[in-house]
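The values are calculated or read from the model by the stated rules, or taken from the named source; none is laboratory data. A quick note: this is a predicted structure, and the numbers were derived from the prediction, not measured. Note: ideal-geometry Cβ built from the backbone for every residue, glycine included; neighbour counts use all protein chains shown. For accessibility, only protein heavy atoms count, side chains too; no ligands or nucleic acids. Shrake-Rupley method; radii C 1.70, N 1.55, O 1.52, S 1.80 Å.
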Amino acid sequence: MTQLFKTPTATAVIIANMVGTGVFTSLGFQLVDIQSPFAILLLWLIGGIIAFCGALCYSELAASLPRSGGEYHFISRIFHPSAGFVSGWISATVGFAAPSALVALTFGNYLAAIWPTLNPQTCALALLAIITIVHSIKRSSSGQFQTLFTLIKVVLILGFCASALALAPSLQSISFAPQISDSQLMGTAAFAVSLIYVNYAYTGWNAVTYLSSEIENPQRNIPISLLLGTIVVVILYLLLNGSFLLLAPMEDLQGKVEIGYIAAKAAYGEGGAMIMACILAILLISTVSAMLMAGPRVLQVIGQDYPLFKKLGQTNKQGIPSIAIIVQAIVTALFIVSASFESILIFAGFTLSLNSVLTVIGLLVIRRREPELARPFKMPFFPIPAVVYLSLMLWSLSYIAIYKTQQVYMSAVLIVIGFGFYWLTKRIQSGQRES
């Protein structure tokens, strides 16, 4: 009998997918235009509200339409297979490969900061290879690996916040209480653009829906893991960003990427900063692992639905889509080797947000179109969470469209290519049937 992932593993996948490079790099970009501690934490709280509302929507969809594939499955089922195919195309190319490559490279950079003789790309590729082997062989080892490293991640983050604040020679004299000037920031372009970085940091709250078919009792456990994982991450993000602001002067953090390192240096000194670099490297292991668990499941269901890609749908004796995992790892490795993808992070966030927005709209559509559909989990206070999610996401996306037009063009090109692949796939399959 195939062993299924349990709730702790599902929750670990969500937490690990979300807590990656975003929370350790975003604050510096936000401080360029916003120097209010209250506004900064409000940004992270709003991002958490968006993620939680999205998790409520996805919980209902995953419980009523339990199959792996995430947005690919939902959008195909609700709208049209072509839209679902493009969604899966986006997830496979941008959604998992590029971010996991960035995380792996960040892992390598942190190790290189400790041991300068190490090559970051080599470290990243070695980590990718090890995790690929772990996830390709046995489901139980895969789940245990993910749960263990996610637990280590949570403990280390909480330990850093507590110890740094306790051991720092002095804390910054800032106040997290709202000021009169803060009201002027709300609704501005700076606030909306900063929310883009926050939303990227929260990306991954929907990760467990990509492997719904492999979750034990998915109608019950997926909503639990989605909501629990999101709540845990919101708390961790507020604690981390509050700690960063208390530990280091804003001018030292402003515009910088290595936020965790700067905050640790202020708290522990140079030696402590090196230890923090090691800790951050360990934290990133579970993020790469979680992405390599979730992403290949999209390729798997595409392989099950389209004969042209049937190899991707094959599983080993453990029920693991090992070929899809290897393909995902190869794509990720190509990003690592090229090391030219960092400029597409906002583009990736924008494109993935379009995916999730269409999915939440799909929830509203299927509620109206199929009222008799069995819904083991029904979103409370319907449709308020969906409306909140769509309103905040569309507001943020509109600012990307205005101020980051290049990323919008890149997204449009990727979507057109996805539809082109769908058309080509259908033509080839049609020709095979006729012959």
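Among ILE417, LEU390, LEU156, which residue has its Cα positioned farthest towards the positive end of the charge dipole of the chain, with +1 placed on the Cβ of Lys and Arg, -1 on the Cβ of Asp and Glu, and the dipole taken about the Cα centre?
ILE417
Run the accessible area of the range 1-99 with a 1.4 Å probe and give the carbon-and-sulfur part as a rounded percent.
69
Rg to Rh for the range 285-408: what is it, with Cα atoms only and Rh by Kirkwood? Don't skip to the end; give the middle numbers.
Numbers: Rg = 18.4 Å, Rh = 17.6 Å.
Rg/Rh for the range 285-408 comes to 1.04.
Summing +1 for each Lys or Arg and -1 for each Asp or Glu, what net charge is found among the other residues whose Cβ lies under 12 Å from the Cβ of LYS265? Display every interim value, and only then the final one.
Values: positive: LYS256; negative: ASP252, GLU258, GLU270.
So the surrounding residues net to -2.
In square angstrom, rounded to the nearest 10, how much accessible surface does GLU258 have for a 1.4 Å probe?
80
Could you tell me the relative contact order of the range 269-335? Use alpha-carbon pairs under 8 Å, at least six residues apart, and round to a whole percent.
Details: 51 pairs, mean separation 15.7, N = 67.
Relative contact order for the range 269-335 comes out at 23 percent.
For the chain, give the magnitude of the charge dipole about the Cα centre (Cβ charges: +1 Lys/Arg, -1 Asp/Glu; no others), in debye to the nearest 20. Don't skip to the answer; put the middle values down first.
Values: 22 positive and 15 negative charges, 282 e Å.
Using only the charged Cβ atoms, the result is roughly 1360 debye.
Carbon and sulfur: what percent of the range 367-435's accessible surface (1.4 Å probe)?
65
Where does the charge balance sit around TYR210 when Lys and Arg score +1, Asp and Glu -1, over other residues with C-beta under 12 Å from its C-beta? Please report the intermediate quantities before stating the final value.
Values: positive: ARG67, ARG297; negative: GLU71, GLU214.
Charge balance near TYR210 sits at 0.
Put a dot 7 Å past each Cα toward the Cβ at VAL357 and GLN35; how far apart are the dots in nm?
Result: 3.3 nm between the two label points.
Quick one: among GLY187, GLY54, GLY255, which has the greatest mean-square fluctuation in a GNM of the chain with alpha-carbon springs under 10 angstrom?
Highest fluctuation among the options: GLY187.
Kindly provide the Kirkwood hydrodynamic radius of the chain in Å, to one decimal, from all pairs of distinct alpha carbon atoms.
Values: mean 1/r = 0.0454 Å⁻¹.
In the chain this quantity evaluates to 22.0 Å.
What is the local net charge at PHE419, summed over the other residues whose Cβ is closer than 13 Å to its Cβ (Lys, Arg +1; Asp, Glu -1)? Display every interim value, and only then the final one.
Details: positive: LYS426, ARG427; negative: none.
Overall, the nearby charge balance is +2.
Scattering from the C-alpha atoms of the range 362-435 alone, worked out with Debye: what is log10 I(q)/I(0) at q = 0.14, 0.25 1/Å?
-0.82, -1.03
Determine the per residue accessible area of the chain with all protein chains present and a 1.4 angstrom probe, expressed in square angstrom.
Working: 17330 Å² over 435 residues.
I get 40 Å² per residue for the chain.
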